[in-house]
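The structure appears below as structure tokens.
The values are calculated or read from the model by the stated rules, or taken from the named source; none is laboratory data. Worth saying up front: this structure is predicted, and the values here are computed from it rather than measured. Here the Cβ positions follow ideal geometry from the backbone for every residue, glycine too, while neighbour counts run over all protein chains shown. Calculation scope for accessible area: heavy atoms of the full protein, side chains included, ligands and nucleic acids excluded. Shrake-Rupley method; radii C 1.70, N 1.55, O 1.52, S 1.80 Å.
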Amino acid sequence: MDIDLARAWVRAIAEAIEADKERLTRLDAEIGDGDHGNNMDRGFSAAVQALDTLTPGTAGDVLVKTGTTLISRVGGASGPLYGTVFRTAGKRLAAGDAGVADLAAALGAGLDSVCKLGSAQVGDKTMVDALSPAVDALSTAADSESDLGTATAAAAEAADKGAQSTVPLQARKGRASYLGPRSVGHLDPGAASTALIFRVLANVAAADPDAPRGGA
Ligand code: ADP
Ligand code: MG
């Protein structure tokens, strides 16, 4: 991941969130307070604006700025939570064109930071349920020396599955946990937005002009 790809990722997240805002808000209305789509939309459009005036030295700078903006501009719990993921990942990301192993390590550090901040673990019915398998998929892809396109496609698949796995769970963290057993049977909105973020990463990686191409 280089500066251009990091920027393209954040821009594409903002577009995808805007397009999917109503679904995210509806999911949050079922087991929360119905603001997740708006929170994410506000945060990522602010991030895109902030990036317009940033001259980043590394892809990590792009992610750090995104995280800082999410923390300062989103009122809901998801702002500081996603903010810490992006900030921590950005600080960890190697300079230059970071490879699959670097990205796996950076997002792994982001995962650890959000688990610590929200004291959540896999199975609590949060964004962690999508983020953790996505990071695992990236690490596995790094071990088998996959290219970024293949690795991010696997991560997107894993994040989707992880998000779906929240449906039968009872929430143990966040607002949804106030509902107790009534949170069962609903997709967690934060896990759904994490799945979207990884789907978008796979799309921008596939469209990256610097990516290696198979065939002739
Ligand atoms: P709020 O809950 O403040 O209204 P949002 O609706 O924007 O904020 O975000 C809700 C999402 O945040 C949840 O669906 C869940 O994925 C995530 N979340 C909430 N609390 C935690 C936590 N302690 N750890 C990890 N993720 C959490
Ligand atoms: Mg909410």
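Report, to the nearest whole %, how much of the accessible area of region 1-125 belongs to carbon and sulfur atoms, 1.4 Å probe, protein only. The value for region 1-125 is 49 percent carbon and sulfur by accessible area. With a Förster radius of 41 Å applied to the beta-carbon distance between Val167 and Ala207, the computed FRET efficiency rounds to 0.85. Ranked by the mean number of other Cβ atoms within 10 Å per residue, highest first, peptides 108-119, 38-49 order as 38-49, 108-119.
Based on DSSP H segments of at least four residues, each scored -39500 (n - 2.57), the chain has a per-residue ellipticity at 222 nm of -23000 deg cm²/dmol.
For the chain, the solvent-accessible area of protein heavy atoms averages 44 Å² per residue (probe radius 1.4 Å; ligands and nucleic acids excluded).
Using only side-chain charges placed at the Cβ, +1 for Lys and Arg and -1 for Asp and Glu, the dipole size of the chain relative to its Cα centre rounds to 740 debye.
Against the empirical 2.2 N^0.38 Å (N residues), region 3-206 has a Cα radius of gyration ratio of 0.94. Computed extension gain for Thr68 through Gln121, at 0.36 nm per residue and net of the alpha carbon distance, reaches 16.8 nm. Rounded to the nearest 20 debye, the dipole size of region 115-173 about its Cα centre is 480 debye, using +1 on the Cβ of Lys and Arg and -1 on the Cβ of Asp and Glu. When peptides 145-158, 173-186 are ranked by their average number of other Cβ atoms within 10 Å per residue, the highest-first order is 145-158, 173-186.
Simple rule: put +1 on each Lys or Arg Cβ and -1 on each Asp or Glu Cβ in region 3-206, find the dipole, and look at Ala104, Ala206, Gly34; the Cα lying farthest toward the positive end is Gly34. Between their Cα atoms, which of Lys116/Lys173; Lys65/Lys161; Lys125/Lys161; Lys21/Lys116 are more than 21 Å away from each other? Among Lys116/Lys173; Lys65/Lys161; Lys125/Lys161; Lys21/Lys116, the Cα-Cα distance tops 21 Å for Lys65/Lys161; Lys21/Lys116.
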